[in-house]
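Following: one structure in structure tokens, then a few remarks.
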Amino acid sequence: MSEENTTEQEATNEEISNTSKPQPENETNPNAEAAKYRTRLREAEATSETLANQLRELQKQHVNLLVSEGHLKHESWQPRLRQPDDLWNLGGHQLEEFLADDGTINTEALAKAAHELLEKRPELKRLSPQRVDPAVSGMPGPMKSNTWQGAFSPRR
């Protein structure tokens, strides 16, 4: 019986050693590979979301610039808002209303929305700087430039 016990014990030891051996590198664990792909997917989704948020903010800044600097034309005049955020806050508009299918800004829709907002609330209009006429305002005219010849000539 001792031979049978020894043989059984050796067989059991071989089974234990076979299960505890690491698998060769060319035979990968399918669960580990799936976990690796899930991790990559999560990283890609996070990057995609970050880029989408950055694009949205840049588009909104571009719309604000167009509305505040007068780069739009609507029926022969340029609607300009003093505070470009008024388009979002007071006008109740969303960025998606002004985006074309390809992601560019639809300037016609933007100009129309700014025009409608300024018709309802004219106090939101950005006023153009007025030019000062020196003859009327009493301000001195253009400065005369100094030259070397003027520096050494007699004073008048």
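Any read-out appearing in this document is the output of simple, stated calculations on the displayed coordinates, not a laboratory observation. It should be emphasised that the depicted structure is a prediction, and the values quoted were computed from it without experimental measurement. Glycine gets a Cβ as well: all are built from the backbone with ideal geometry, and neighbour counts include every protein chain shown.
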*Report the FRET efficiency, 1/(1 + (r/R0)^6), for Leu55 and Ala151, where r is their Cβ-Cβ distance and R0 is 41 Å, rounded to 0.05.*
0.10
*asked:* Can you work out the Karplus-derived ³J(HN,Hα) for every residue in the range 55-65? Use 6.51 cos²θ - 1.76 cosθ + 1.60 with θ = phi - 60°, whole Hz, and x for glycine or proline.
replied: 4, 4, 5, 5, 5, 5, 4, 5, 4, 4, 5
*Quick one, can you get me the convex hull of the C-alpha atoms of the range 42-124 expressed as volume per residue in Å³?*
90 Å³
*Taking amide H positions as placed 1.01 Å from N in the peptide plane, with prolines and chain starts having none, which residues 5 or more places from Leu99, or on another chain, fall under 5 Å of its amide H?*
Asn106
*Length gain on complete extension for the stretch Glu45 to Leu65, per 0.36 nm per residue less the alpha carbon to alpha carbon distance?*
4.2 nm
*Can you give me the relative contact order of the range 42-124 as a percent, contacts being Cα pairs under 8 Å and 6 or more apart?*
29 percent
*How long is the gain from Glu33 to Lys125 if the chain were fully straight, where each residue apart is worth 0.36 nm and the alpha carbon distance is subtracted?*
27.1 nm
